[in-house]
1. Please go through the stretch A:329-386 and pick out each residue that is buried (at least 19 other Cβ atoms within 10 Å of the Cβ), charged (D, E, K, R) and outside any strand (DSSP E or B).
2. Touching a Lys or Arg at 6+ places or on another chain (Cβ under 9 Å) and either within 14 Å of chain B (Cβ to nearest Cβ) or of a type outside the set (Asp, Glu) (or both) - does that describe any residue in the stretch A:327-336?
3. Test A:Thr362 against the stated conditions and say whether it is among the hydroxyl-bearing types (Ser, Thr, Tyr) and without any contact (Cβ under 8 Å) to a residue 24 or more places away in the chain.
4. Just for the stretch B:249-270: of the residues that are buried (at least 24 other Cβ atoms within 10 Å of the Cβ) and out of contact with any Ser or Thr (no Cβ under 8 Å at 6 or more places or on another chain), which one is modelled with the lowest pLDDT?
5. With the requirement that a residue be assigned to a helix (DSSP H, G or I), among the small types (Gly, Ala, Ser) and within 19 Å of A:Ser49 (Cβ to Cβ), what does the stretch A:247-280 give you?
6. Give the number of residues within the stretch A:236-254 that are among the β-branched types (Val, Ile, Thr) and at the interface with chain B (Cβ under 9 Å from one of its Cβ atoms).
7. Among the polar types (S, T, N, Q), touching a His at 6+ places or on another chain (Cβ under 9 Å), assigned to a helix (DSSP H, G or I) and at pLDDT below 95: which single residue out of B:Ser66, B:Ser105 fits that description?
8. In the stretch B:69-87, how many are free of Cβ contacts under 8 Å to residues at least 60 places away in the same chain and aromatic (Phe, Trp, Tyr)?
Amino acid sequence: MLKAKKLVLFIFVIILLVLAPACSSQEAPEEIVIGASIPISGVLSAFGSYEEWGYQTAVDEINEEGGIFLEEFDARVPVRLVLYDDESSPEKVAENTERLILQDEVDALLGSATPPLVISGAVIAERENVPMVTGIAPIRAFLGANEEGWNWVWDIFFDELEMTEQQFLTMDQVESNRKVALFTDNEQDGIVMGGLWEEKAPQFGYEIVYHADFPVGTTEYGDLIRRAQEAEAEIIIAQMITPDALALWNQMQALDYQPKAAFFEKGGEPVAWWEVLGDTAQGTMVAGYWHPNLDYPGAQELRDRFEADTGQLYSQHIADTYTSAQVLIDAIGRAGSLDKEAINSAIGETDETYVVGPVKFTEGVNQRASALPIFMLQWQDGDLEIVYPPELSTSEFIYPIP
Amino acid sequence: MTINTLLAGALNGFFLGGLYATVAISLSLVFGVMRLVNVTHGEYLIAAAYLNIVITSALGIDPLISTFISIPILFVVGYALQRWVLNPVMNKGMEPALLMAFGLSIIAQNGLIRVFGGDSKTITTQFSQRGMEVFGITVPTIYVVSLFIGIILIGGLHLFINRSFLGKAIRAATQDPETAGVMGINVNVIYAITYAIGATLASFGGLLIGTAFSFVPSTGFYWLLKSFVVVVLGGMGSIVGTLAGGLILGTTEGIGAAFVGTGYRDMIGFLIFLLMLLVRPRGLFGQKGSE
């Protein structure tokens, strides 16, 4: 009898031991690790400072709420953001991204800035099956870098084709001889944009009379400027990094080349453009996808917070980087676990208007990119104002360039 | 391509060559005296440009005047680095000094990032965005100013090395350090003074780079390479050769860019560099054995 009782007790204990872990919830991880390689130094560092703020602010916000709620563990788990400086070098981005995946064991990644850097990290994320959300990579340059299509990397930025069309429509507001000179560097976006401008110009009644292409880091543009002058181009469009763009614009002034309209994509966007050039930057333009006056939730507040935190003038990159981090955080929350495939699927299901605008990948090109609505910005007295299309404009269009 | 474009390219390049020479003079001096390939040269140039901006904004003065204020600061820093950091490894062969200089270069670059951030900067002077007509062709005024500064600095340095007592001591230390030491010349002090003079010359190079172009903390490497080409062309260690090297490089780049495009400008410079190394390794004005 005693033996039987002992046997029953033994079986009961065994059953308890087996069932106990299944009955209670799994122990939640101590943290969710999100990593990013960003250009804190080097020629693209102007982007890195905005990225650092955007990513960190979104992570700090969710941590103030206790972290991301993961249904699998029935608990909120704080997020740790790991950032490494890629020194504006694609090779360093690849190295950092491998380090983030292999050493820091990140659960998900955020992107760097500009196509060469973003793509360099994206290739590693794709290979290692780690979800990544990025901004600051024009969509066609991003998609064109992987002919087989991205599976793990998601881009929230503008579509170059739409930007091209907006530029030509903006040019229509300027009285000119409709002759355009292009200055494009040999980065991925420079190549893509150069091709698009050449292709689209005739459709809008413009003639590309000169196209200068050159390596990144070129310092002397005298010869190119003279050729544009000789070709009588009254409009210039440049796609180049900020240090190079500054040199080009300074040398244009020195050589007395005064185009009636000037678009400086990428290089003319960071606040350093105005800080360095001052009044001579007045009237220069750059395509935009975000402005604090837009009717997106928290747009003006985001600008105010950035300027209060840093004491610097805002850039539109605070919005797409902040949003990229939010999209990733929301997706992890929807996935309810740290399973990478679940997070990746959840990113794809994003359908919400964030501070940067509507984000929906299923309607985007190739379903891995969400294109933001685009408009034209113009530097006016140290601030970027929307000047086209008219229904969005925040200021009068200044033309020709003073 | 019109003949005017070609002439403009040549003239533009010629004046730009003055900037190249000014930028390279410090590298040439240090190599000529110490046989040290000073890889911190680029960081000196960029640090000088940043220092110029700091002094200009702090005192509200013209960047040209700031340059003269930065000279003693750079002299002291250069002297201290050579005297107490580089000199101790100089007698252990070329490699330790080169590696030490590499280390200093990395530290300096990271220090600049830490202090000034990574945003692009330029130095705004009255010449920054002005052009002037030379033989009917408009060239940036800063290039013309650069050539004048280059001629004055190189001429002055040439006279200093050949005529002054200190210059003769430097030459003695260059030609035969051991005998110079026996004759009572403190070679370590001479090396430190030479390096410090090089650092002060970099203040002019930094001013010109910052005014003509833009810069970030990592820009120094580009100018180090450019300076190498100038020094090799003109003759390693030859002060006057540096001016010739700069002008040849600038002019050839200008003509080459007019022919084949600005995208190949740097490639043209390095082709000449390789050609010179093959044909005349000691450069145009270099003495036999300097290679």
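1. A:Asp330, A:Arg368
2. No - not one qualifying residue is present in the stretch A:327-336.
3. Considered against the rule, which asks whether it is among the hydroxyl-bearing types (Ser, Thr, Tyr) and without any contact (Cβ under 8 Å) to a residue 24 or more places away in the chain, A:Thr362 comes out as yes.
4. If we take residues in the stretch B:249-270 being buried (at least 24 other Cβ atoms within 10 Å of the Cβ) and out of contact with any Ser or Thr (no Cβ under 8 Å at 6 or more places or on another chain), then B:Ala257 is modelled with the lowest pLDDT.
5. Listed by number, the list holds a single entry, A:Ala272.
6. Number satisfying all stated conditions: 2.
7. The match here is B:Ser105.
8. Summing the residues that are free of Cβ contacts under 8 Å to residues at least 60 places away in the same chain and aromatic (Phe, Trp, Tyr) in the stretch B:69-87 gives 1.
The values are calculated or read from the model by the stated rules, or taken from the named source; none is laboratory data. If you're wondering where the values come from, they're calculated on a predicted model, not measured in any experiment. Please note: Cβ atoms are built from the backbone with ideal geometry, for glycine as well, and neighbour counts cover all protein chains shown.
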